[in-house]
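A.B. asks: First the structure, which I've put down as structure tokens, then a few questions once you've had a look.
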């Protein structure tokens, strides 16, 4: 079966009423899960796992995949409107998205995001369909040394992710790395810095930190802003809901760059969607024509990452379907769903169960269209939420954040982490420290350490393993090139400034 | 699942409050009439592993028997000791039970300090659900065609052959160490903690010489001809992978599978313990449960109450020996 025949076959399967309903339920639930702060796609998929046992396997998997990519649509909504990322893949979206919303472009931004998610998701499905068997082997090329280069190099490159001075980024990043060492060490399972608190054995989880740093801190800033607290924010006019011609034009290249980058991240193990959005943001800063504006409310800073996280979510179907190896918690859940139904995931899935492989791919096309249709009309609704008076809105969000955070692990401890992170976020805001590097440190830290140690186990302690593979060396050279290019650009800018000052004297 | 269970729990909390007011909840009657409300079944592992399907099957059958809801709740972390501890520390009222494994019940207390259980005396053994044997597989293009080839090379070259495992001192690691101990080998185990997937990936990519894991996660690669299974660490033939040589047919037959068990906190009222044990016995001996086990690569080995307790006490001794071997080897 070639891809076109496969797709047509898949469409027959995906278009049955049950499977259409499954895709819709998945897309809808995914959007809702994305919008609710705290509740992320992993919790969402785990929530419906038991349900899928009684469904037809294809329908169950379609629904689970729908939740995953659907949540990538919804996650950015609160990030843009309120500076509260709905899930970790939307952290960077908050940086420029919230600035755009403050400028009254919330509606336009949400539209750009919805279309960007559609572009990223749909192009990635095309990629999965065309290349899944050949790309699956990409993952095999990556071992601990390569991942160490990717994650440690990524940390270095992303230290300047959100602008500001180097110090204002390095301190939070260090804090993030330190937080990442709490709990069970990845390789031996030894617990560290838990002070005898059992809840800390699992480490500081990402959700309460992200929701606290951004959401709670933002709510505190809102309360502080007394002049506004009593007022309703001004209403948004209908024409502001649509992006202008320039905004559309500026978004397109960012969508494409983000989609490409996200797709690559989806193919290898790791928190693909989150890392992809961070990397895409960094890429926009490096390549966009409007790089200077990024951080202060540029459409590129939203369009790139949002296309990237959708693309990554979809691309992570490749290792799942073509290798049968789960790289993400969600993929593990989908494999569990297959095993319970007596379906053996693995390279033979495509021949033994073509209905699942092609049905899932075809349903991803349909699901993305559904999500676009669901999300575009919602833009107006979301924006009108901003008109709820603050004295109602702030408590409502507070409650939602706490419930969302609690529900992820049924842990009251996480609620305390949320509060603590909120205070840190508030203080960092006042002191003009960057928040995104802290999140980057917390996500990458444990990964860097894990790959670092796995590589040493593999080489029996020989550190040369880190630079012995062509892939690892290439990654390190790229990191060096990015750093040097950034250094030169800053020197030039400083030089130009100095010249300008001199000539004005 | 969790959210639902919370709602349900909240609803039940309300109900229980009402019942208390109405004076219905005298403890003696509660024991006789157990169960009158939902039972929570903790699984100390994340969803998606080999522990999830089996727990859900048991819960499903338990629901049918007891006519109340049995809510499966995943409580992963700290090598399964968080969820296991949650069961052992729970109020012994029959409404909180859970899954334990030979690793979380017998191995972890030897390695971790401060756990709520040190031996099988510290929790109530209900029933053994199954065994799941460890398998050893190598990349399909590897030069070892049989287990003998692999062991011969390992013997000739100590510390040269590497086998990926899903976590340091996980059962699939300890099984290889046991083989090292019995056969006088020094196969190096390399831990990959990405939930088993990365350990398999390392073997596929040729980074390690083989991978020690469980059939459900590796069978797809074996069927597709990407991995070749050399051995299964159990006494007899493995129905799921008939090509695998049972370690029981070699001189190093003293091995162990990972065992899955149902446990409850100590101090259950007698009536509840008897009913739960009887019902669990019916389940693990039923044809439906056995055919589920067979289809998924688990081995049925029903052991009830004290028989299960004895088996776990036996593991305790075996694990002590392996730990001693590893310490001496350092």
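A.B. asks: Could you grab me the full set of residues in region A:184-196 that are within 12 Å of another protein chain (Cβ to nearest Cβ) and assigned to a loop (DSSP other than H, G, I, E, B)?
C.D. replies: Answer for region A:184-196, where residues must be within 12 Å of another protein chain (Cβ to nearest Cβ) and assigned to a loop (DSSP other than H, G, I, E, B): A:185, A:186, A:187, A:188, A:189, A:190, A:194, A:196.
A.B. asks: Of the residues A:202, A:190, which single one is at pLDDT below 80 and surrounded by fewer than 20 Cβ atoms within 10 Å (Cβ to Cβ)? Don't jump to the end; show me each part of the working.
C.D. replies: Working: A:202 fails: surrounded by fewer than 20 Cβ atoms within 10 Å (Cβ to Cβ).
When all the criteria are applied, what remains is A:190.
A.B. asks: I've got another one for you. Taking residue B:321 and the conditions (1) in a helix (DSSP H, G or I); (2) crowded, with 19+ Cβ neighbours inside 10 Å, which numbered condition does it fall short on, given that it satisfies the others?
C.D. replies: Exception for residue B:321: condition (2).
A.B. asks: Next question, about the same structure. Return only the number of the condition from (1) surrounded by fewer than 21 Cβ atoms within 10 Å (Cβ to Cβ); (2) out of contact with any helix residue (DSSP H, G or I) (no Cβ under 8 Å at 6 or more places or on another chain); (3) within 12 Å of another protein chain (Cβ to nearest Cβ); (4) assigned to a helix (DSSP H, G or I) that residue B:82 does not satisfy.
C.D. replies: Condition not satisfied by residue B:82: (2).
A.B. asks: Test each condition in (1) closer than 22 Å to residue B:190 by Cα; (2) at pLDDT below 90; (3) in contact with a helix residue (DSSP H, G or I) (Cβ under 7 Å, 6 or more places away or on another chain) for residue A:436 and report the one that comes out false.
C.D. replies: (1)
A.B. asks: Select from region B:245-274 the residues that are within 18 Å of residue B:301 (Cβ to Cβ) and in contact with a strand residue (DSSP E or B) (Cβ under 7 Å, 6 or more places away or on another chain) and list them in ascending order.
C.D. replies: B:246, B:247, B:257, B:258, B:259, B:260, B:261, B:262, B:263
A.B. asks: Could you please find all residues in region A:286-334 being surrounded by fewer than 24 Cβ atoms within 10 Å (Cβ to Cβ) and without any contact (Cβ under 8 Å) to a residue 40 or more places away in the chain?
C.D. replies: Within region A:286-334, A:287, A:288, A:289, A:291, A:292, A:293 qualify.
Results for (1) under 25 Å from residue A:178 (Cβ atoms); (2) within 24 Å of the chain's Cα centre (by Cα), shown as yes or no for each residue.
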position: A:396; (1), (2): no, no
position: A:410; (1), (2): no, yes
position: A:436; (1), (2): yes, yes
position: A:439; (1), (2): yes, yes
position: A:452; (1), (2): yes, yes
position: A:457; (1), (2): yes, no
position: A:468; (1), (2): no, no
position: A:474; (1), (2): no, no
position: A:481; (1), (2): no, no
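A.B. asks: Quick test for you: out of A:343, A:403, pick the one residue that is within 14 Å of chain B (Cβ to nearest Cβ) and not in a helix (DSSP H, G or I). So that I can check it myself, show each step before the final result.
C.D. replies: On the way: A:403 fails: not in a helix (DSSP H, G or I).
Criteria check complete, one pass: A:343.
A.B. asks: Within region A:442-485, how many residues are within 20 Å of residue A:283 (Cβ to Cβ) and touching a helix residue (DSSP H, G or I) at 6+ places or on another chain (Cβ under 8 Å)?
C.D. replies: We begin by selecting, within region A:442-485, every residue within 20 Å of residue A:283 (Cβ to Cβ); these are A:443-444, A:447, A:471, A:474-485.
This time we only want the ones that are touching a helix residue (DSSP H, G or I) at 6+ places or on another chain (Cβ under 8 Å), so: A:443-444, A:447, A:471, A:475-476, A:478-479, A:482-483, A:485.
Total meeting the criteria: 11.
A.B. asks: Does at least one position in region B:237-253 carry a residue that is buried (at least 20 other Cβ atoms within 10 Å of the Cβ) and part of a strand (DSSP E or B)?
C.D. replies: For region B:237-253, residues buried (at least 20 other Cβ atoms within 10 Å of the Cβ) and part of a strand (DSSP E or B): absent.
A.B. asks: May I pose another question? Would you kindly identify the strands (runs of 3 or more DSSP E) lying entirely within region B:116-232 that contain at least 2 residues that are closer than 26 Å to residue A:339 by Cα and away from every other protein chain (no Cβ under 11 Å)? I'd like the intermediate steps shown before the answer.
C.D. replies: Values: elements: B:124-132, B:134-139, B:162-165, B:188-191, B:210-214, B:227-232.
Ranges flagged: B:124-132, B:134-139, B:210-214, B:227-232.
Table: residues versus (1) in a helix (DSSP H, G or I); (2) within 14 Å of another protein chain (Cβ to nearest Cβ); (3) farther than 27 Å from residue A:345 by Cβ.
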residue: A:44; (1), (2), (3): yes, yes, no
residue: A:61; (1), (2), (3): yes, yes, no
residue: A:78; (1), (2), (3): yes, no, yes
residue: A:86; (1), (2), (3): no, no, yes
residue: A:99; (1), (2), (3): yes, no, yes
residue: A:107; (1), (2), (3): yes, no, yes
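A.B. asks: Of all residues in region A:127-139, how many are modelled with pLDDT of 85 or more and within 13 Å of chain B (Cβ to nearest Cβ)?
C.D. replies: Residues meeting the conditions: 0.
A.B. asks: Looking at region B:42-49, is at least one residue at pLDDT 55 or above and away from every other protein chain (no Cβ under 14 Å)? It would help to see each step written out before you state the result.
C.D. replies: Filtering region B:42-49 down to residues at pLDDT 55 or above leaves B:42-49.
From what is left, the residues that are away from every other protein chain (no Cβ under 14 Å) are none.
The answer is no; no qualifying residue exists.
A.B. asks: Could you go through region A:355-378 and let me know if any residue there is in contact with a helix residue (DSSP H, G or I) (Cβ under 9 Å, 6 or more places away or on another chain) and within 14 Å of chain B (Cβ to nearest Cβ).
C.D. replies: yes
A.B. asks: Can I ask one more? Could you check region A:354-386 and list, in sequence order, the residues that are buried (at least 19 other Cβ atoms within 10 Å of the Cβ) and free of Cβ contacts under 8 Å to residues at least 24 places away in the same chain?
C.D. replies: none
A.B. asks: Moving to a separate point now. Consider residue B:100 carefully, then state whether it is at pLDDT 90 or above, part of a strand (DSSP E or B) and either more than 14 Å from every other protein chain (Cβ to nearest Cβ) or touching a helix residue (DSSP H, G or I) at 6+ places or on another chain (Cβ under 7 Å) (or both).
C.D. replies: Details: at pLDDT 90 or above: yes; part of a strand (DSSP E or B): yes; either more than 14 Å from every other protein chain (Cβ to nearest Cβ) or touching a helix residue (DSSP H, G or I) at 6+ places or on another chain (Cβ under 7 Å) (or both): yes.
When the stated conditions are applied, residue B:100 passes them.
A.B. asks: Is region A:410-433 home to any residue that is without any contact (Cβ under 8 Å) to a residue 60 or more places away in the chain, under 24 Å from residue A:209 (Cα atoms) and within 14 Å of chain B (Cβ to nearest Cβ)?
C.D. replies: yes
A.B. asks: Taking residue B:77, is it out of contact with any helix residue (DSSP H, G or I) (no Cβ under 6 Å at 6 or more places or on another chain) and within 8 Å of chain A (Cβ to nearest Cβ)?
C.D. replies: Working: out of contact with any helix residue (DSSP H, G or I) (no Cβ under 6 Å at 6 or more places or on another chain): no; within 8 Å of chain A (Cβ to nearest Cβ): yes.
Spelling it out, it is not the case that residue B:77 is out of contact with any helix residue (DSSP H, G or I) (no Cβ under 6 Å at 6 or more places or on another chain) and within 8 Å of chain A (Cβ to nearest Cβ).
A.B. asks: A further question on this structure: Just one of the numbered conditions (1) within 14 Å of chain A (Cβ to nearest Cβ); (2) surrounded by 18 or more Cβ atoms within 10 Å (Cβ to Cβ) is not true of residue B:311; which one?
C.D. replies: Every listed condition holds for residue B:311 apart from (1).
The values are calculated or read from the model by the stated rules, or taken from the named source; none is laboratory data. What you are looking at is a predicted structure, and each value in this text was computed from that prediction instead of being measured. Note that each Cβ is placed from the backbone with ideal geometry, even for glycine, and that neighbours are counted across all protein chains shown.
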